[in-house]
1. Those residues that are among the small types (Gly, Ala, Ser) and outside any loop (DSSP other than H, G, I, E, B), I need them from segment 196-216; list them, please.
2. Which of (1) at pLDDT 90 or above; (2) within 21 Å of the chain's Cα centre (by Cα); (3) more than 20 Å from TYR18 (Cα to Cα) does VAL43 not meet, given it meets every other one?
3. Are any of the residues in segment 97-115 within 21 Å of LEU13 (Cα to Cα) and in the same structural domain as SER39 (by TED's automatic domain parsing)?
4. Taking the criterion of being outside any helix (DSSP H, G or I), surrounded by 15 or more Cβ atoms within 10 Å (Cβ to Cβ) and modelled with pLDDT under 90, would at least one residue in segment 136-146 satisfy it?
5. Determine, yes or no, whether GLU73 is within 23 Å of the chain's Cα centre (by Cα), in a helix (DSSP H, G or I) and among the acidic types (Asp, Glu).
6. Kindly indicate the residue of segment 48-66 that is part of a helix (DSSP H, G or I) and among the aliphatic types (A, V, I, L, M) and also nearest to ILE34 (Cα to Cα) among those meeting that condition.
7. Small (Gly, Ala, Ser) and buried (at least 18 other Cβ atoms within 10 Å of the Cβ): does that describe SER39?
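The values are calculated or read from the model by the stated rules, or taken from the named source; none is laboratory data. Computed from a predicted structure; not experimentally measured. Every residue, glycine as well, gets a Cβ built from its backbone with ideal geometry; the counts of neighbours run over all protein chains shown.
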Amino acid sequence: MSNLDKTTWKTKLHEIIYEADTPAGKLFDVVLLITIIASIILVMLESVKSIDANYHNILNISEWIITILFSLEYIARIITVKKPLKYIFSFYGVIDFLSTVPKYISLIFGGVHALAALRALRLLRVFRILKLARYLGASNNLMSALKASRAKIFVFLFAVLIMSIIFGTIMYLVEGEENGFTNIPKSVYWCIVTLTTVGFGDIAPQTPLGQLIATCIMILGYGIIAVPTGIVSAEYTSQSKAKPILEKDLVSLNTQSCPSCSAENHKDNAEFCYNCGHKLNHA
């Protein structure tokens, strides 16, 4: 096979696997999503003992078939890009690897194949098929807001932790071992559960004073929940005003993937990758 034929073959395979704008690429992604859903259902059915007892061989063979298909797909994704390590250590690359290896590892360690349920993360590719990825640019504002808020959130969480230790210690002294508060760490655990309004009910105060303190902690919990939400919301509003996303810029994006760096969301008429400058493939 000549170098030209090899390049053409890799280019066509890259368009099918990495792009959703072409008919072949869209068909590949749809089949892939259906296969992922089928594999998740198989893993779930196998965990039901009554079903596994009657159909174990069918489920096992089906899982192996899907695992082999995913393995071939993973290899194809690696050989069709110019920088394989870029894909291997990317988010989707790691997810693709983790969704493939559990069945092989189960040959050595039994029960590990259930981790194949991680394949559910691969369903995130549905954004490419429905062409919703172009609208995910708005998530950049949210990420920026979270980064800008991390110092305030850290201080808030640290204050909550101190508060939990103080109230937990007080409840340990008020309630004592006879009411389930056997030690300070367990009392702190109860305080955190109560403060977050989860309320497992495994430990409950019995004395009037303890119940009064618990009531104050519960009411305080509702107020605490609103604090981080307000911090992030304020930062998000600030980010949105500073970096408005124009609708015309979103509409002009497509799912074309760079064969060199795998960057997506290029403009429709782009000839070169905005990230690395490599020439884009055009169907």
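1. Restricting attention to segment 196-216, the residues satisfying the condition of being among the small types (Gly, Ala, Ser) are 199, 201, 204, 210, 214.
Residues satisfying the conditions are GLY210, ALA214.
2. Unmet condition: (1).
3. Yes.
4. Going residue by residue through segment 136-146, those that are outside any helix (DSSP H, G or I) are none.
Checked segment 136-146: no residue is outside any helix (DSSP H, G or I), surrounded by 15 or more Cβ atoms within 10 Å (Cβ to Cβ) and modelled with pLDDT under 90.
5. Values: within 23 Å of the chain's Cα centre (by Cα): yes; in a helix (DSSP H, G or I): yes; among the acidic types (Asp, Glu): yes.
Yes, satisfied.
6. At the first step, the residues of segment 48-66 found to be part of a helix (DSSP H, G or I) are 49-66.
Cutting the leftovers down to among the aliphatic types (A, V, I, L, M) gives us 51, 53, 58-59, 61, 65-66.
On the way: ILE51: 22, ALA53: 25, ILE58: 18, LEU59: 17, ILE61: 18, ILE65: 14, ILE66: 11 Å.
So, considering only residues that are part of a helix (DSSP H, G or I) and among the aliphatic types (A, V, I, L, M), the one nearest to ILE34 (Cα to Cα) is ILE66.
7. Working: small (Gly, Ala, Ser): yes; buried (at least 18 other Cβ atoms within 10 Å of the Cβ): yes.
When the stated conditions are applied, SER39 passes them.
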